[in-house]
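**Student:** Sharing a structure with you now.
The values are calculated or read from the model by the stated rules, or taken from the named source; none is laboratory data. Since we're looking at a predicted model, the values are computed, not measured. Note that each Cβ is placed from the backbone with ideal geometry, even for glycine, and that neighbours are counted across all protein chains shown.
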Amino acid sequence: MKILILGLTSSKLGGMEYHNLGNYAIMEPLIVQLKDQFLESEILTSVQMSHEFCERFGITSLRDERFWTYGLETGIITAKDLVLVFAWATGRRIFNKDLQWLIDKSKLLKEIYNSDLVIDFSGDMYGDNAGNLSFLEDNAKIVMSKILGKPVVLFIGSPGPFNSAWRRILAKNVLNRIDLITNRDPISTEILNELGVKNTPIYDTACPAFLFERRDDNEMAIILRSEGLLPKTKPLIGLIICGWNMAKPPFSKLPREEYELRPFVELIKHILDNSDAHILLMSHQNKTDDDGNLVKGNDHAIISQIFSILEEDGVDVNRVLMLQGLYDASTSKSIIGVCDVLISGRIHGAVAGLSQCIPTVIIDYGHEPKAHKLKGFARVTEMEEYICNPASSQDMIDKYERCWNNRKEIQSHLREHIPHVQSKAMSNFTLIKDLTKSSKASEKV
């Protein structure tokens with residue numbers, strides 16, 4: 001079994017693995033479960049994973065700049081590939097000949113041709129969140145895969161929305177011709193139903209990040225003590241804030257204006273004034289330097305600005321903690337696990353809390369493009385009432401207070417419900433295995 005993973009989550013080396021920690025929390029269980037379901041499989045991906053990751057999990061990362069750049073040059077290469085694949089299809093249909101030499105002219109087409117299954121892993125990018133060229137590029141890869149006769153799955157995504165007419169037409173036509181869609185949230189299914197995707201089976205599942213394991217070793221205890229998180233003498237409220245929660249785009253804009261940060265400052269002040277809790281301001285995102293070392297990312301700059309405003313306002317910042325180290329996804333999940341309540345503006349930061357049955361408030365995006373996945377994930381975990389508006393300090397305070405006051409009931413609910421969510425996450429891989437079995441049966445017939 002040869003599995004090829006493509007899609008709009010492809011980014012340059014380091015992006016998936018070390019930058020947005022939520023992306024890695026999806027990628028690792030995705031590979032682990034595919035390897036578990038397809039024991040003798042060969043997995044290749046356009047996602048640029050490190051040599052260490054590829055060695056550890058026994059996969060191949062295809063090294064080509066076209067997989068993570070979407071400009072004119074990439075578009076020309078893809079246009080040539082489309083000509084080649086249409087020529088191949090014409091030769092097969094008219095002359096009943098497999099003109100494989102046409103396919104061998106393209107590295108991508110050759111990999112698709114030799115694969116038994118193509119997975120489109122685009123997360124929440126398949127839709128308006130993708131740029132025009134990247135959206136066209138991804139659909140071209142799906143079309144080429146289908147022309148070459150391969151089963152194609154739009155896998156564990158949050159597709160949509162599709163507000164422009166040409167995107168709606170393209171997505172409807174392409175998605176009605178693939179073999180399986182698994183959505184990690186039910187709102188995405190509503191969007192695809194409204195779009196008119198009727199010919200392809202669609203299943204509501206859950207994100208594999210709910211299966212991602214925390215770090216649990218002797219060194220983890222040392223890290224927690226060094227960061228002042230152990231021994232814990234007071235309640236700890238985790239707070240994850242990112243550029244998507246800000247009032248103005250782009251999400252990477254720095255520095256932020258004070259009015260954008262003021263609602264979070266007021267939330268922190270409220271917590272400090274009305275409890276003896278400590279607050280952990282943390283980032284769920286890093287960057288890497290030219291040598292691949294972890295360095296502070298944009299979210300670190302935002303929380304540093306918030307800390308400075310608190311100091312200027314005369315707040316007792318001894319009760320406001322910021323991590324001194326930079327940590328990977330599994331270590332960050334273990335750190336989140338120490339919190340009594342989590343407030344997160346990154347959805348997979350929230351997943352790291354919810355999957356550990358930590359009462360969690362989800363901060364919505366503050367500017368376009370808005371992400372329906374936040375509401376969708378909250379619906380999957382039955383936590384919709386704990387989504388708050390980042391522009392309103394009062395709404396954030398109200399949702400936090402409700403979460404804090406009901407924390408025991410929420411924890412009890414999550415302990416009962418999260419195993420069902422994890423079962424839904426596992427169903428992604430059962431569905432894809434069933435698809436490959438039916439595909440093989442069809443070939444025999």
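**Student:** Hey, could you check the range 364-391 for residues that are hydrophobic (A, V, I, L, M, F, W, C) and over 16 Å from the mean Cα position of the chain (by Cα) and say which is farthest from residue 191 (Cα to Cα)? Spell out the reasoning first.
**Tutor:** Taking the range 364-391 as the starting set, the residues that turn out to be hydrophobic (A, V, I, L, M, F, W, C) are 371, 374, 377-378, 380, 383, 387-388, 391.
Subsequent filtering for residues that are over 16 Å from the mean Cα position of the chain (by Cα) retains 383, 387-388, 391.
Numbers: 383: 21, 387: 20, 388: 22, 391: 26 Å.
Among those residues, the one meeting the criterion is 391.
**Student:** Another question, if that's okay. If we keep just the residues of the range 173-194 that are over 23 Å from the mean Cα position of the chain (by Cα) and in a helix (DSSP H, G or I), which is farthest from residue 124 (Cα to Cα)? Steps first, answer last, please.
**Tutor:** Just the residues of the range 173-194 that are over 23 Å from the mean Cα position of the chain (by Cα), to begin with: 173, 176-177, 194.
Cutting the leftovers down to in a helix (DSSP H, G or I) gives us 173, 194.
Working: 173: 19, 194: 17 Å.
Here the residue is 173.
**Student:** Okay, next question. Which numbered condition in (1) in contact (Cβ under 8 Å) with a residue 12 or more places away in the chain; (2) over 27 Å from the mean Cα position of the chain (by Cα); (3) in a helix (DSSP H, G or I) is the only one that residue 105 fails?
**Tutor:** (3)
**Student:** Right, something else. What pairs come out if I take residues in the range 188-204 that are within 14 Å of residue 177 (Cβ to Cβ) and pair them with residues that are β-branched (Val, Ile, Thr) and assigned to a helix (DSSP H, G or I) whose C-beta lies under 8 Å away, six or more apart or interchain?
**Tutor:** Listed by first residue and then by second, the contacts come to 202/189.
**Student:** While we're here: Just checking, which of 319, 346 is at pLDDT 95 or above, buried (at least 22 other Cβ atoms within 10 Å of the Cβ) and under 24 Å from residue 235 (Cβ atoms)? Before you say what the answer is, go through the steps one by one.
**Tutor:** Values: 319 fails: buried (at least 22 other Cβ atoms within 10 Å of the Cβ).
346 is the lone residue from the list that is at pLDDT 95 or above, buried (at least 22 other Cβ atoms within 10 Å of the Cβ) and under 24 Å from residue 235 (Cβ atoms).
**Student:** Return the pair list, or none, for Cβ contacts closer than 6 Å from residues in the range 393-418 that are touching a residue at least 12 places away in the same chain (Cβ under 8 Å) to residues that are part of a helix (DSSP H, G or I) and aromatic (Phe, Trp, Tyr), at least 6 apart or on different chains.
**Tutor:** Note: pairs meeting the criteria are 399/386; 403/386.
**Student:** Scan the range 269-297 residue by residue and report those that are part of a helix (DSSP H, G or I) and buried (at least 19 other Cβ atoms within 10 Å of the Cβ). It would help to see each step written out before you state the result.
**Tutor:** In the first step, residues of the range 269-297 are kept if they are part of a helix (DSSP H, G or I); the result is 269-274.
Correct list: 271, 272.
**Student:** Which one of 98, 120, 116 is in contact with a strand residue (DSSP E or B) (Cβ under 7 Å, 6 or more places away or on another chain) and more than 17 Å from residue 10 (Cβ to Cβ)?
**Tutor:** Details: 98 fails: in contact with a strand residue (DSSP E or B) (Cβ under 7 Å, 6 or more places away or on another chain); 120 fails: more than 17 Å from residue 10 (Cβ to Cβ).
The match here is 116.
**Student:** Now, a different point. Here's a check for you: in the range 211-268, which residue that is aromatic (Phe, Trp, Tyr) and in a helix (DSSP H, G or I) is surrounded by the most Cβ atoms within 10 Å (Cβ to Cβ)? Step through it out loud before you land on a result.
**Tutor:** The initial filter retains those residues of the range 211-268 that are aromatic (Phe, Trp, Tyr), namely 212, 244, 251, 259, 264.
From what's left, in a helix (DSSP H, G or I): 244, 259, 264.
Numbers: 244: 23, 259: 10, 264: 26.
For the range 211-268, the residue satisfying everything is 264.
**Student:** Same structure again: What are the residues in the range 166-178 that are surrounded by fewer than 21 Cβ atoms within 10 Å (Cβ to Cβ), out of contact with any Phe, Trp or Tyr (no Cβ under 9 Å at 6 or more places or on another chain) and either in contact (Cβ under 8 Å) with a residue 24 or more places away in the chain or within 22 Å of residue 211 (Cα to Cα) (or both), if any?
**Tutor:** 176, 177
**Student:** Select from the range 198-229 the residues that are in contact with a strand residue (DSSP E or B) (Cβ under 7 Å, 6 or more places away or on another chain) and either more than 17 Å from residue 330 (Cα to Cα) or among the polar types (S, T, N, Q) (or both) and list them in ascending order.
**Tutor:** The answer is 200, 201, 202, 203, 204, 205, 228.
**Student:** Scan (1) farther than 30 Å from residue 158 by Cβ; (2) small (Gly, Ala, Ser); (3) part of a loop (DSSP other than H, G, I, E, B) for the single condition residue 366 breaks and write down its number.
**Tutor:** Status for residue 366: all satisfied but (1).
Results for (1) assigned to a helix (DSSP H, G or I); (2) buried (at least 18 other Cβ atoms within 10 Å of the Cβ), shown as yes or no for each residue.
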residue: 43; (1), (2): no, yes
residue: 66; (1), (2): yes, yes
residue: 69; (1), (2): no, no
residue: 78; (1), (2): yes, yes
residue: 81; (1), (2): yes, yes
residue: 91; (1), (2): yes, no
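**Student:** Could I ask something else about it? Using beta carbons and a limit of 9 Å, which pairs, at least six apart or on different chains, have the first residue in the range 88-100 and under 15 Å from residue 144 (Cα atoms) and outside the structural domain of residue 114 (by TED's automatic domain parsing) and the second one part of a loop (DSSP other than H, G, I, E, B) and at pLDDT 90 or above?
**Tutor:** Sorted first by the residue in the range 88-100, then by its partner, the list stays empty.
**Student:** Does residue 294 qualify as being touching a strand residue (DSSP E or B) at 6+ places or on another chain (Cβ under 9 Å) and at pLDDT below 95?
**Tutor:** Values: touching a strand residue (DSSP E or B) at 6+ places or on another chain (Cβ under 9 Å): yes; at pLDDT below 95: yes.
Answer is yes for this residue.
**Student:** Let me ask you something else. Among the numbered conditions (1) within 19 Å of the chain's Cα centre (by Cα); (2) more than 24 Å from residue 335 (Cβ to Cβ), tell me where residue 434 comes up short.
**Tutor:** (1)
**Student:** Go through the range 401-415 and give me each residue that's surrounded by 14 or more Cβ atoms within 10 Å (Cβ to Cβ) and under 18 Å from residue 338 (Cβ atoms). It would help to see each step written out before you state the result.
**Tutor:** If we filter the range 401-415 for residues that are surrounded by 14 or more Cβ atoms within 10 Å (Cβ to Cβ), which is where we start, we get 401-404, 406-407, 410-411, 413-414.
Passing the criteria: 403, 404, 407, 410, 411, 414.
**Student:** Which of the residues spanning the range 307-344 are outside any helix (DSSP H, G or I) and over 30 Å from the mean Cα position of the chain (by Cα)? Reasoning before the result, please.
**Tutor:** Filtering the range 307-344 for residues outside any helix (DSSP H, G or I) gives 313-316, 320-328, 337-344.
Passing the criteria: 313, 314, 315, 316.
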